[in-house]
Amino acid sequence: MKYTISSVIVVIIMLISLIAKAQKQKCATVHLLEKRVEKDSSIKQRLKQSEIQTQKNIALLRQSKKALQIINIPVVVHVLWHKPIENISNEQIMSQMDVLNEDFRLKNSDTLPQTHPFWKDMADTQINFCLANTDENGNATTGITRTYTDSISFTGQGYEKYTASGGKDNWNPTQYLNLWVCNLDSSSGNTLGYSAFPAEMAISPADDGVVIRYETFGRTGTAGSGGWTYNSLGRTATHEVGHWFNLNHIWGNTICGDDLVSDTPPAYDSNYGCNGFPYNANSTCGSDVNGEMYMNYMDYSDDDCMNMFTLGQAERMQAVLNGERIGILTSKGYINIPNKVVENFVANTITISPNPNDGIFVINYNNFNLKNTSIIVVNILGETVKTIEHVENNAVQINLSGYTNGVYYVQIISGKSSVIKKIIVAK
Ligand SMILES: [Zn+2]
């Protein structure tokens, strides 16, 4: 009997450790980095140097006492699909862009209440994300690539990032944030996604970017499907893009570790699910009465439990934009459309009517050749509000009735040419 109980206990411990192991792979960023460091010790040295530079840049930022700059990050989304369901819709991609812009700009609807002790630490990072409208060769683009792949699934080891291995090569990583969306299989464990750190870009530029499984990308369509209910709000990308901007896990990847950010309280380990506040107050790691910041995007809590970056994290992200990711500041990947003058094809052939109106516009091509034509609608801030790819009809309806009154720009892209038309929503 005693032997049987011991066996059961051993089995239970094994199961718990297996589950823990699987949980630890929720984000594979650090695990993959450690594997690369094992193979190439020079990466460790580069990470150290990068951190020294980051700290210098943070000090300079503080000295200058300037408000953080608002920065637009041109994004290209590479959709890799084998089954049609993996070829996610433009709407789903737009929903991910919305989540990134809400979370990084503190416009999310679930921010902490003013009475919460961590409220004062919440940050608007001043970082915006826009789907690229200009590709590496200067051609107009929707900022989305779609690739059918013979690979039934990917293992989360980097093959997604190479055309030669069934994925898609990244666009110049100094100019674009590359996001791959694909089917990550069971050999990737519970990996929702992973990112490369900025320090590695000089060593391995082709690996720069963020990979996310299609079941946890955005907050509509396939988001939350396949058992990923707790990751249905697009925050896998918020977390992984945080790594892309040089943020570490809140627990510093070891028991009571350091994430190199001063305003995130010490944390014992990663947190899953959704803890109650305060959690692990006055811990041996040194947390105070408010405990751990499990609601930080850089923890492992469920999507509906995380809701903030801190001011220190925002500073660290801005520091890397003056460091390894400085190329983004002069990227041609996103050109603010109102300033863009590209009227080099039959602009007058295309009409949009009625204009102004209360939201329903019809673009009439008047038999213009529609081959490879796409449409992007942006608002006055240059934020994309609608994307239509592969236009097939001569009369295309755009419904902006759910959007606020004001000026919008319709960019019609055909091959290497594009034309911009202004429309006005007036209800
Ligand atoms: Zn992570």
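The values are calculated or read from the model by the stated rules, or taken from the named source; none is laboratory data. Owing to the predicted nature of the structure, the values given are computational and were not obtained by experimental measurement. A quick note on method: Cβ atoms are made from the backbone with ideal geometry, for glycine too, and the neighbour counts reach across all protein chains shown.
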Lone unmet requirement of (1) over 29 Å from ALA67 (Cα atoms); (2) part of a loop (DSSP other than H, G, I, E, B) for ASP263:
(1)
Within segment 239-258, which residues are assigned to a loop (DSSP other than H, G, I, E, B) and in contact with a strand residue (DSSP E or B) (Cβ under 9 Å, 6 or more places away or on another chain)?
PHE245, HIS249, ILE250
Among the residues of segment 186-215, the number that are in contact with a strand residue (DSSP E or B) (Cβ under 9 Å, 6 or more places away or on another chain) and part of a loop (DSSP other than H, G, I, E, B) is 5
With the structure loaded, tell me whether LEU329 is surrounded by fewer than 17 Cβ atoms within 10 Å (Cβ to Cβ) and either touching a Pro at 6+ places or on another chain (Cβ under 7 Å) or of a type outside the set (Val, Ile, Thr) (or both) or whether it fails that test.
yes
Among residues of segment 358-378, those that are modelled with pLDDT under 80, within 30 Å of ASN72 (Cα to Cα) and surrounded by fewer than 18 Cβ atoms within 10 Å (Cβ to Cβ), counted:
1
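One line per residue, one yes/no per condition, for (1) in the same structural domain as GLY286 (by TED's automatic domain parsing); (2) crowded, with 24+ Cβ neighbours inside 10 Å; (3) within 12 Å of the ligand (Cβ to nearest atom); (4) under 19 Å from ASP124 (Cβ atoms):
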{"site": "ILE212", "(1), (2), (3), (4)": "yes, yes, yes, no"}
{"site": "THR216", "(1), (2), (3), (4)": "yes, yes, no, no"}
{"site": "ARG219", "(1), (2), (3), (4)": "yes, no, no, no"}
{"site": "THR229", "(1), (2), (3), (4)": "yes, no, no, no"}
{"site": "ARG235", "(1), (2), (3), (4)": "yes, yes, yes, yes"}
{"site": "HIS249", "(1), (2), (3), (4)": "yes, no, yes, no"}
{"site": "SER270", "(1), (2), (3), (4)": "yes, no, yes, no"}
